[in-house]
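S.K.: Below is a structure I'd like to ask you about.
The values are calculated or read from the model by the stated rules, or taken from the named source; none is laboratory data. The shown structure was predicted, so the numbers you read here are calculated from the model rather than taken from an experiment. Heads up, the Cβs are rebuilt from the backbone with ideal geometry, glycines too, and the neighbour counts pull from every protein chain shown.
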Amino acid sequence: MIVARTIDQVRDARLNLKEPVGLVPTMGALHRGHLALLKTARRSDQSVIATLFVNRSQFGNPEDFSAYPRDEEADLAAFEAAGVDLVFMPTEAELYPKGITATVHPGRIAHELEGTRRPGHFAGVATVVAKIFGLTQPHRAYFGQKDWQQTRVIAEMVANLNIPLTLTVIGTVRDSDGIALSSRNVRLTSRERGAATSLYRGLTSAREAWDAGTHAPTSLAEIVSNVISQEPLATTAYVEVRHALTLTPLSKTIPPFVIAGAIEIGGIGLIDNIVVGNGLTLAEELNG
Ligand code: PAF
């Protein structure tokens, strides 16, 4: 496994990779969700590139950026074990030597849900992902369903800017208590963790209610919020039912739609979602 820390190193190493090349961009603190992305890339592509960069510009809150878990040694060992060919892990000075002087401005999709809670977040994500795409020139890039809105922002960027690659979205990996794996989970105390299960429990109840005939978006959102409100440690930031691909509000829940929610627990923000219908397949086809 080659570890590139500079732009010159990653460009040189990329030239020698067998194609097609799969890319898994990460901010490190790897968990089984990342490993699922790496495994899929390893199976589908001749070479796998992973990136590790904790991208300050997508954190609205400097404390959240500082508290973001970092373990470079463990991450490198996990990349190696997953069969990654090339890891790109630049410093901030390497990636943004003159600061951030040009950015990608994502459209409407980026300014709702997480975009309302975290203004500027998706511009930070889209900008760094565009840089990483440019530097690594992958044929396919892999992202997790947990960050559903992120996948839609990136899909829109790829389509609008005619970036020649295919996005693949992999289903959310969960712990046995249902919590979606996230690097932030390690910051939860055991009581907070118990409370954090309410988001997925709420989403599951809403899904069951939809199967049983409750189809009004507001009723489904209310089911999720009610489950969360039973946990004194958890606060609902939002619960929304939206078209799975365009994320536009719906008056009727016709698949594919997504029920997306965010909660705050002890100052930590957690997100999760359920996609009803063939949203994942469609997401891939749209970018194929
Ligand atoms: O999903 C993440 O870990 C980050 O948003 C990403 C895509 C690596 C960009 O920093």
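S.K.: Go through (1) in contact (Cβ under 8 Å) with a residue 12 or more places away in the chain; (2) in contact with a helix residue (DSSP H, G or I) (Cβ under 9 Å, 6 or more places away or on another chain) and name the single condition THR189 misses.
M.R.: In the conditions (1) in contact (Cβ under 8 Å) with a residue 12 or more places away in the chain; (2) in contact with a helix residue (DSSP H, G or I) (Cβ under 9 Å, 6 or more places away or on another chain), THR189 misses (2) alone.
S.K.: Please work out which residue is farthest from the ligand (Cβ to nearest atom), limiting yourself to the range 135-160 and to residues that are of a type in the set (D, E, K, R) and closer than 23 Å to GLY60 by Cα.
M.R.: Residues of the range 135-160 of a type in the set (D, E, K, R): 140, 146-147, 152, 156.
Those left that are additionally closer than 23 Å to GLY60 by Cα: 146-147, 152, 156.
On the way: LYS146: 9, ASP147: 5, ARG152: 13, GLU156: 14 Å.
The residue in question is GLU156.
S.K.: Just checking, which of ARG108, ARG118, ARG70, ARG140 is among the basic types (Lys, Arg), farther than 22 Å from HIS31 by Cβ and out of contact with any helix residue (DSSP H, G or I) (no Cβ under 6 Å at 6 or more places or on another chain)?
M.R.: On the way: ARG118 fails: farther than 22 Å from HIS31 by Cβ; ARG70 fails: farther than 22 Å from HIS31 by Cβ; ARG140 fails: farther than 22 Å from HIS31 by Cβ.
Going through ARG108, ARG118, ARG70, ARG140 in turn, the sole match is ARG108.
S.K.: Touching a strand residue (DSSP E or B) at 6+ places or on another chain (Cβ under 6 Å), of a type outside the set (Gly, Ala, Ser) and assigned to a helix (DSSP H, G or I) - does that describe any residue in the range 103-113?
M.R.: There is no residue in the range 103-113 that is touching a strand residue (DSSP E or B) at 6+ places or on another chain (Cβ under 6 Å), of a type outside the set (Gly, Ala, Ser) and assigned to a helix (DSSP H, G or I).
S.K.: Would you check which residues across the range 160-195 are part of a helix (DSSP H, G or I) and either under 21 Å from ILE274 (Cβ atoms) or among the hydroxyl-bearing types (Ser, Thr, Tyr) (or both) and list them? Steps first, answer last, please.
M.R.: Restricting attention to the range 160-195, the residues satisfying the condition of being part of a helix (DSSP H, G or I) are 160, 183-187, 190-195.
SER183, ARG184, ASN185, SER190, ARG193, GLY194, ALA195, listed by residue number.
S.K.: Keeping to the range 98-134, report how many residues are touching a residue at least 60 places away in the same chain (Cβ under 8 Å), out of contact with any Pro (no Cβ under 9 Å at 6 or more places or on another chain), away from the ligand (no atom under 11 Å from the Cβ) and of a type outside the set (D, E, K, R).
M.R.: Residues flagged as touching a residue at least 60 places away in the same chain (Cβ under 8 Å), out of contact with any Pro (no Cβ under 9 Å at 6 or more places or on another chain), away from the ligand (no atom under 11 Å from the Cβ) and of a type outside the set (D, E, K, R) within the range 98-134 amount to 4.
S.K.: Here's a follow-up. Tell me, which strands (runs of 3 or more DSSP E) lie completely within the range 19-90 with 3 or more residues that are surrounded by 19 or more Cβ atoms within 10 Å (Cβ to Cβ) and more than 11 Å from the ligand (Cβ to nearest atom)?
M.R.: Numbers: elements: 21-26, 47-52, 86-88.
Once the strands (runs of 3 or more DSSP E) in the range 19-90 are filtered for at least 3 residues that are surrounded by 19 or more Cβ atoms within 10 Å (Cβ to Cβ) and more than 11 Å from the ligand (Cβ to nearest atom), what remains is 47-52, 86-88.
S.K.: A further question on this structure: Being surrounded by fewer than 21 Cβ atoms within 10 Å (Cβ to Cβ) and among the hydrophobic types (A, V, I, L, M, F, W, C) is the filter here, so list the residues in the range 134-154 that pass it.
M.R.: LEU135
S.K.: A further question follows. Just one of ALA77, ALA81, ALA93, ALA36 is among the small types (Gly, Ala, Ser) and in contact (Cβ under 8 Å) with a residue 12 or more places away in the chain; which is it?
M.R.: On the way: ALA77 fails: in contact (Cβ under 8 Å) with a residue 12 or more places away in the chain; ALA81 fails: in contact (Cβ under 8 Å) with a residue 12 or more places away in the chain; ALA93 fails: in contact (Cβ under 8 Å) with a residue 12 or more places away in the chain.
The unique qualifying residue is ALA36.
S.K.: While we're looking at this one, here's another question. Can you confirm whether the range 155-170 contains a residue that is surrounded by fewer than 18 Cβ atoms within 10 Å (Cβ to Cβ), within 26 Å of PHE65 (Cβ to Cβ) and over 16 Å from the mean Cα position of the chain (by Cα)?
M.R.: Looking for residues that are surrounded by fewer than 18 Cβ atoms within 10 Å (Cβ to Cβ), within 26 Å of PHE65 (Cβ to Cβ) and over 16 Å from the mean Cα position of the chain (by Cα), one finds none in the range 155-170, hence no.
S.K.: Can you tell me which residues in the range 166-184 are within 14 Å of the ligand (Cβ to nearest atom) and at pLDDT 95 or above? Lay out the reasoning, then the answer.
M.R.: To start, the set of residues in the range 166-184 that are within 14 Å of the ligand (Cβ to nearest atom) comprises 167-170, 172-173, 180-184.
Scanning the range 166-184 gives LEU167, THR168, VAL169, ILE170, THR172, VAL173, ALA180, LEU181, SER182.
S.K.: Let me ask something else. Tally the residues that are more than 17 Å from THR172 (Cβ to Cβ) and not in a helix (DSSP H, G or I), restricting the search to the range 123-159.
M.R.: Total satisfying the criteria: 5.
S.K.: Have a look at ALA262, ALA283 and point out the one that is within 27 Å of ILE154 (Cα to Cα), at pLDDT below 95 and either assigned to a strand (DSSP E or B) or touching a helix residue (DSSP H, G or I) at 6+ places or on another chain (Cβ under 8 Å) (or both).
M.R.: Values: ALA262 fails: at pLDDT below 95.
Exactly one of ALA262, ALA283 is within 27 Å of ILE154 (Cα to Cα), at pLDDT below 95 and either assigned to a strand (DSSP E or B) or touching a helix residue (DSSP H, G or I) at 6+ places or on another chain (Cβ under 8 Å) (or both), namely ALA283.
S.K.: Kindly evaluate THR116 against the criterion of being surrounded by fewer than 21 Cβ atoms within 10 Å (Cβ to Cβ), β-branched (Val, Ile, Thr) and assigned to a helix (DSSP H, G or I). Steps first, answer last, please.
M.R.: On the way: surrounded by fewer than 21 Cβ atoms within 10 Å (Cβ to Cβ): yes; β-branched (Val, Ile, Thr): yes; assigned to a helix (DSSP H, G or I): yes.
Here the answer is yes, as THR116 does meet what is asked.
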